[in-house]
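The values are calculated or read from the model by the stated rules, or taken from the named source; none is laboratory data. Since the model is a prediction, treat every value here as computed from it, not as a measurement. Cβ: placed from backbone, ideal geometry, glycine included. Neighbour counts: every protein chain shown. We work out accessible area using only protein heavy atoms, side chains counted, and drop any ligands, DNA or RNA first. Shrake-Rupley method; radii C 1.70, N 1.55, O 1.52, S 1.80 Å.
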Amino acid sequence: MEQKQKEKVLVILGPTATGKSHCAIEIAKKFQGEIISGDSMLVYRNMNIGTAKPTAEELAAVPHHLVNILPPEAGFSVVDFKEQAQRLITEINGRGHLPVIAGGTGLYIKALLEDYAFNSVSEDSELRQQLTHEAEAKGPEALHARLAALDAEAAQRIHPNNVRRVVRALEAALSGEQVNQYGASESPYNALVIGLEMERAALYERINQRVDLMLAAGLEQEVRDLLDRGVSPECQSMQSIGYRQMVWYLNGSMDYEQAVDKLKQATRNFAKRQITWYKKMPYIQWLQLDAKPNYANVVGRICEMLVEKGISL
């Protein structure tokens, strides 16, 4: 019996501020590509600056998917991503185009490429009770650290002191992990997975510069507008880095300089957690970037790797 040919997909991931979106767009232009966002925050409308969303011109340059599809009040999970990304990969391959997944949410990419199966049970009262007792015994920071090791994206948007939400997120991660596994001995996709990395000090400098650019572009006003429209600070989207710190400033919890420092620190910590997460994905092929990357060279190398792997069209 003839084996069904695997669907092709290119993944470009890496810690925040490494230029994933730029590379993805350039590759998509060369290979009839369509971009699927692998970033949990780009799904939200009216949240552009704090999410480092591609510009209107960039979004128009090549087809983009899973961008601007939900209001800020909506939830979005790894289960939602996997279901929608699987459908999109099939549709894009069917058009004879190349799906290019760009994004830094490691759990999303890992779940897709390794074909995780997820527990459909929405509540595990015994596990919830166990985690609550753990928080009481060891303290909220210890429980939050455990969440960060399992789901960095959830950890970065939930404050350690919000034990109820940390417990719920851990419950979801642990319930999933108990049944998450390869659907087969290998990935269901013919995937080239590229990771962009750079020396840590240079990365942190880029992160600090990016935050300054976001602030100059009007991040504070973007958050004000969302709050004025009635978006709750407790929403999943508003708990993310950038939005959470601006809310703290706007509600008087801290002054502007403190909020900016917290924002930069949280982003650096998030990048560190992303790097830790990617170590669980040994199939990533890493490309080392200079402090001031020559992206034309990076894109050229990815093009060569696509040809070598037989993914190019």
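Quick rundown of the values:
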| quantity | calculated |
| --- | --- |
| Hits among lysines - C-alpha to C-alpha of Lys272 under 26 Å, sequence gap 8 or more where chains match | Lys20, Lys53, Lys82, Lys110, Lys138, Lys262, Lys264, Lys280, Lys292 |
| Helical mean residue ellipticity (222 nm; -39500 (n - 2.57) per DSSP H run of 4+; nearest 500) of the chain | -16500 deg cm²/dmol |
| Positive-pole candidate from Gln285, Ile49, Leu147, dipole of the chain, charges at beta carbon | Gln285 |
| At 1.002 mPa s and 20 °C, Stokes D of the stretch 77-167 from Kirkwood alpha-carbon radius, µm² per second | 141 µm²/s |
| Once the Cα gyration tensor of the stretch 173-313 is diagonalised, semi-axes √(5λ) in Å | 35, 22, 15 |
| Protein-only accessible surface order, largest first, of Phe31, Phe118 at 1.4 Å | Phe118, Phe31 |
| Sparsely packed trypsin sites (Lys or Arg not before Pro) within the stretch 197-231, loop by DSSP, other Cβ within 10 Å at most 11 | Arg229 |
| Approximate spin-label separation Glu234-Gln32, in nm, with each point projected 7 Å along Cα-to-Cβ | 5.0 nm |
| Nearest-0.05 FRET efficiency for Ala149 and Glu197, computed from C-beta distance (R0 22 Å) | 0.65 |
| Surface accessible to a 1.4 Å probe, His97 within the full protein complex, Å² | 50 Å² |
| Pairs of Cα atoms farther than 17 Å apart, the stretch 17-68, % | 28 percent |
| Centroid-to-centroid separation of the stretch 245-313 and the stretch 188-234 [C-alpha atoms, Å] | 9 Å |
| Contour excess over end-to-end distance, with Cα ends at His159 and Gln5 and 0.36 nm allotted per residue | 51.0 nm |
| Net length gained if the chain between Ile69 and Ala296 were fully extended (0.36 nm per residue, minus Cα distance) | 78.7 nm |
| Heavy-atom accessible surface of the chain: percent carbon and sulfur, 1.4 Å | 47 percent |
| Average accessible surface area per residue within the chain, 1.4 Å rolling probe, Å² | 47 Å² |
| The stretch 226-273, Cα convex hull volume normalised per residue, Å³ | 68 Å³ |
| Tail weight of P(r) past 26 Å, computed on alpha-carbon pairs of the chain, percent | 47 percent |
